[in-house]
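Heads up: the structure comes next, in structure tokens.
The values are calculated or read from the model by the stated rules, or taken from the named source; none is laboratory data. Quick caveat, the model's predicted, so the values are computed rather than measured. Positions of Cβ are backbone-derived with ideal geometry, glycine not excepted, and every protein chain shown enters the neighbour counts.
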Amino acid sequence: MRYLRTMTTVTTVIGDSILDTIGNTPLVRLSRIGAGLRPQLVAKLEVFNPGGSIKDRVAVALIEAAERDGKLRPGGTIVEPTSGNTGTGLAIAARLKGYRVMAVMPDKVASEKGDLLRALGAEVVLCPTDVPPESPRAYYNVADRLTAEIPGAFQPNQYHNKANPQAHYETTGPELWEQTGGGITHLVLGVGTGGTATGTVRYLRERKPDLVVVGADPDGSIYSGGQANVHPYLVEGVGEDFWPTAFDPGSVNRWITVSDRDAFLTTRRLAQTEGILAGPSGGMALHAALQVGAEIGDPRAMVVVILPDGGRAYLSKVYSDAWMRQYGFLSRSGDLTVGDVLRRKREAGELPALVSVQPHYRVREAISLFHEHRVSQLPVVSSEDVTKVVGAIGERGLLKHAAADPGLLDAEIGAVMEPPFESVSAEDPVREAVELLAGDQQALLVRGADPSRPAEGLVTRADLLEALAS
């Protein structure tokens, strides 16, 4: 769809407040990342809500339901356990309605989310993630305690509040039906509180009973793994360690478990291929949607994936190379040094120390060392000063000499040795060593910071490849 600039009169609609901009978020085709799939792959971009996530829809509905029921009175305090996005929506609405907001969050959430909540005037309480659900320090239980202790406090409790799925029945479901022209055949989404799945699917199935709904779930969540498999994970805002009553499990036909790694890498891939900066829960859902799309052979099918929030709140995490490397989701090869490679060899028991020969050694002695230490090259050090490397010997060079002189085995190393290997510092990055070994060099001599000491060891192409692969 393209918008053309014309000279026609434009009807201006001015909202009464920022709350009037919630909903009616766009649906876009993912034609690049979904290239090769038979069905259409389209995404619902909830980042276009004023608070940046799908939770804006729920936040307003929760407050308005509490006002109608008399549970929230003027000047009251809203206390909510949240991974950040619901708290943001509540904080925006509370600013306009005159309420105090306390957001109780697990400490795994991106720091940007807490900063955003504070900027909107909310108070943030952080709780440890790696505790059992029954722990008094679990963020749900901390929220309960604060609600009981603060006069006039109200906890909307999106996990058990029927206004949560109702908000999606009234907004998200109708939008998807209208935007797809009723053509949606598959819906893929992450499930946290379960409100989006329950309300959206209820609306859509009233119109398309055979709609297939796939729940994307983190590895460690109770939904796809059961209670026995519950363990901490890093993706925020999706999955649970208990079953919320706001969630109708019958709304989901099938679960696909997605690892943190796959969720984060797909999130980054989406930004790089489609220019969509989504949050990692959206990347998790997209990873599942790509799997679903690959299984469908009908080009008339339409797979819709909900991307529940944007990526700006995760710049210090999923979009940070350093953070991704810290948790092992990106290769650390850019940080790896030649000394690291050498230490790994020694830790694996492959190399006790620098194995070398001297010029007066016989070739057959060098060959024995090749076999004993499973190496193919050796440095030749001076007989008078072992810190001084005077040459090199390798299997390839010996083979060349042996073809011309069958009596080579009894020759001295000094007669057949080649020029010394090039030296690198143990502190040099691996990428520089890779460049040196891209030519005719067979190995590199690794030296430490003290030039008066012998070289620390030898690294080969195979050593570098193994280090990069791991």
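Scanning the range 233-265 for residues that are more than 18 Å from Val109 (Cβ to Cβ), part of a helix (DSSP H, G or I) and at pLDDT 95 or above gives Pro249, Gly250, Ser251. The residues of the range 29-57 that are in contact (Cβ under 8 Å) with a residue 60 or more places away in the chain and of a type in the set (A, V, I, L, M, F, W, C), listed by number, are Leu30, Ile33, Leu37, Leu41, Val42, Ala43, Leu45, Val47, Ile54. Being surrounded by fewer than 24 Cβ atoms within 10 Å (Cβ to Cβ) and either basic (Lys, Arg) or touching an Asp or Glu at 6+ places or on another chain (Cβ under 7 Å) (or both): is that true of Arg137 here? Against the criterion (surrounded by fewer than 24 Cβ atoms within 10 Å (Cβ to Cβ) and either basic (Lys, Arg) or touching an Asp or Glu at 6+ places or on another chain (Cβ under 7 Å) (or both)), Arg137 qualifies. Of the residues making up the range 193-214, none is under 19 Å from the mean Cα position of the chain (by Cα) and either touching a residue at least 60 places away in the same chain (Cβ under 8 Å) or over 17 Å from Pro280 (Cα atoms) (or both). Residues Ala103, Ala65, Ala122, Ala94: which one is out of contact with any strand residue (DSSP E or B) (no Cβ under 6 Å at 6 or more places or on another chain) and at negative phi? None of the other options fit; the residue is Ala65. Residues in the range 24-74 that are under 23 Å from Val292 (Cα atoms) and outside any loop (DSSP other than H, G, I, E, B): Leu27, Val28, Arg29, Gln40, Leu41, Val42, Ala43, Lys44, Leu45, Glu46. Here the condition is being in contact with a Lys or Arg (Cβ under 8 Å, 6 or more places away or on another chain), surrounded by 24 or more Cβ atoms within 10 Å (Cβ to Cβ) and of a type outside the set (Lys, Arg); of Thr77, Thr86, it holds for Thr86 alone. Only a single item in (1) buried (at least 16 other Cβ atoms within 10 Å of the Cβ); (2) polar (S, T, N, Q); (3) modelled with pLDDT of 95 or more is not met by Asn24, and it is number (1). Would the range 108-117 turn up any residue that is touching a helix residue (DSSP H, G or I) at 6+ places or on another chain (Cβ under 9 Å), hydrophobic (A, V, I, L, M, F, W, C) and assigned by TED's automatic domain parsing to the domain that holds Arg254? Within the range 108-117, not a single residue is touching a helix residue (DSSP H, G or I) at 6+ places or on another chain (Cβ under 9 Å), hydrophobic (A, V, I, L, M, F, W, C) and assigned by TED's automatic domain parsing to the domain that holds Arg254. In the condition set (1) loosely packed, with under 14 Cβ neighbours inside 10 Å; (2) within 15 Å of the chain's Cα centre (by Cα); (3) modelled with pLDDT of 90 or more, Ala322 is compliant with all but (3). Among residues of the range 136-164 being polar (S, T, N, Q), in contact with a helix residue (DSSP H, G or I) (Cβ under 7 Å, 6 or more places away or on another chain) and in a loop (DSSP other than H, G, I, E, B), the one that is farthest from Thr196 (Cα to Cα) is Gln155.
Which count do you get for residues in the range 216-232 that are farther than 14 Å from Ala285 by Cα and touching a residue at least 60 places away in the same chain (Cβ under 8 Å)? Number satisfying all stated conditions: 1.
Here the helices (runs of 4 or more DSSP H) wholly within the range 366-459 that include at least 1 residues being crowded, with 20+ Cβ neighbours inside 10 Å, in contact with a helix residue (DSSP H, G or I) (Cβ under 7 Å, 6 or more places away or on another chain) and at pLDDT 80 or above are 413-416.
Is it the case, given these coordinates, that Asp217 is more than 30 Å from Ala91 (Cα to Cα) and not in a helix (DSSP H, G or I)?
It is false that Asp217 is more than 30 Å from Ala91 (Cα to Cα) and not in a helix (DSSP H, G or I).
Output the number of residues of the range 90-131 satisfying the condition of being within 24 Å of the chain's Cα centre (by Cα) and either farther than 21 Å from Glu149 by Cα or assigned to a loop (DSSP other than H, G, I, E, B) (or both).
Going residue by residue through the range 90-131, those that are within 24 Å of the chain's Cα centre (by Cα) are 104-117, 126-131.
Subsequent filtering for residues that are either farther than 21 Å from Glu149 by Cα or assigned to a loop (DSSP other than H, G, I, E, B) (or both) retains 107-117, 128-131.
The total comes to 15.
For beta carbons closer than 8 Å, sequence separation of 6+ or different chains, a first residue in the range 238-263 that is on the phi > 0 side of the Ramachandran plot and a second that is assigned to a strand (DSSP E or B) and crowded, with 17+ Cβ neighbours inside 10 Å, the qualifying pairs are Gly239/Gly190; Gly239/Asp217; Gly239/Pro218.
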